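Taking it in order: structure first as structure tokens, then the write-up.
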Amino acid sequence: MSEQPEGSDAVEVIGEGATGAALILCEHASHRIPADYDGLGLSDEAATSHAAWDPGARDLALHLMRRLDGTLVASTVSRLVYDCNRPPEAASAMPEKSELIEVPGNARLTQAQRDRRTEAVYRPFCAAVTAQIEARAARTQPTAIITVHSFTPVYYGQMRETEVGILHDADSALADAMLKAGAKLERRGLHRNRPYGPEDGVTHSLQIHGMANDLPNVMIEVRNDLLQTPAQIAAMGDELCAMITPALVHLGLQTQGAAHA
């Protein structure tokens, strides 16, 4: 089931009413550019590249949602229109350039244009997350915010060694517990706050949806060459669940064995 805030097709909510603790966010789930934005002046290749979205992230988030009996809130609009993991005042919310890709449709935006995108994309996403948090609080349901992302293996010509990043801001409790569980998996390339960290401005969702509500929170980054097939996505999802589930148990958010296989 998918629902949007009234009057918005910028966000989808799947698994509403689920009983697990995981409230999963996927801010870069789609490369869809609504017709009003005239493709942002991008080539077809650029418009479907990692600059426009996080390949594999939505499917991975769905796998985690099902395994953890969680709820997913996902943006349905390209992050080049508006990056829902950035505040409205950040230049990177509507970037004029992403790595090596120029975004003509984002050049010299007026404040009014920026405001319209904020209202069309960012506000509905935030409202959907807030609605889920409030509904869970009304049910006295434990909640952890888990944001799911993917990243490109090669950035500015350099190969990245990180395969899976567990990211956090000032609240590291969930990340700490996941990394402790992850140490037993002997995964090569499992790193804390890599390939990004708070200094890169990537923890906005953790701050406003997790920390501001006193909810445990973590951001997961997976290298997108590890998410190219359904089998890869399932394997990665199961590996992440082997970190998330004991972490939720450790924090008292879930009883052992509560997640669905």
Could you grab the relative contact order for the chain? Cα pairs under 8 Å, six or more apart, rounded to a whole percent. 24 percent
Residue order, fewest to most beta carbons within 10 Å, for T143, T19: T19, T143
For a test of the definition: using alpha carbon positions, the gyration tensor, and the 1.5 limit on a/c, classify the stretch 199-261 as rounded, prolate or oblate. oblate
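Quick one: putting +1 on the C-beta of Lys and Arg, -1 on the C-beta of Asp and Glu, what dipole do you get for the chain around its Cα centre, in Debye to the nearest 20? Let's see the in-between values first.
On the way: 22 positive and 34 negative charges, 99 e Å.
Computed about the Cα centre, the dipole is about 480 debye.
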Of the candidates A29, A175, A107, which one comes out as most mobile in a Gaussian network treatment of the chain with C-alpha springs shorter than 10 Å? A107
Rounded if a/c under 1.5, otherwise prolate or oblate - the stretch 140-237, Cα gyration tensor axes: prolate
Name the most mobile residue of R192, R160, R32, meaning the one with the largest mean-square fluctuation, in a Gaussian network model of the chain with Cα contacts below 10 Å. R160
Taking Cα pairs closer than 8 Å and at least 6 residues apart, the relative contact order of the stretch 62-181 in percent is 17 percent
Among S8, I233, V77 - extreme Cα towards positive end, dipole of the stretch 2-250, charges at beta-carbon: I233
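With a 10 Å Cβ neighbour count serving as the proxy for reagent exposure, in which order, fewest first, do V81, V73 appear?
Listing V81, V73 from fewest to most nearby Cβ atoms yields V81, V73.
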Mind running the shape call on the stretch 46-189? Use the C-alpha gyration tensor, a ≥ b ≥ c as the square roots of the eigenvalues: rounded below 1.5 for a/c, prolate if a/b tops b/c, oblate otherwise. oblate
Could you give the length gained by full extension between A112 and Y155, i.e. 0.36 nm per residue of separation minus their alpha carbon distance, to one decimal place? 12.2 nm
Given the -39500 (n - 2.57) contribution per DSSP H run of 4+ residues, what per-residue ellipticity at 222 nm results for the chain, rounded to the nearest 500 deg cm²/dmol? -8500 deg cm²/dmol
Which one of A107, P87, G189 is farthest out on the positive end of the charge dipole of the chain, using unit charges on Cβ (Lys, Arg +1; Asp, Glu -1) and the Cα centre as origin? G189
Which order results if S8, S78 are arranged by neighbouring Cβ count within 10 Å, fewest first? S8, S78
Taking 108-118, 89-99 and ranking on average Cβ neighbours within 10 Å, highest first, one gets 89-99, 108-118
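Any read-out appearing in this document is the output of simple, stated calculations on the displayed coordinates, not a laboratory observation. The shown structure was predicted, so the numbers you read here are calculated from the model rather than taken from an experiment. In this analysis, Cβ positions are derived from the backbone assuming ideal geometry, glycine residues included, and neighbour counts consider all displayed protein chains.
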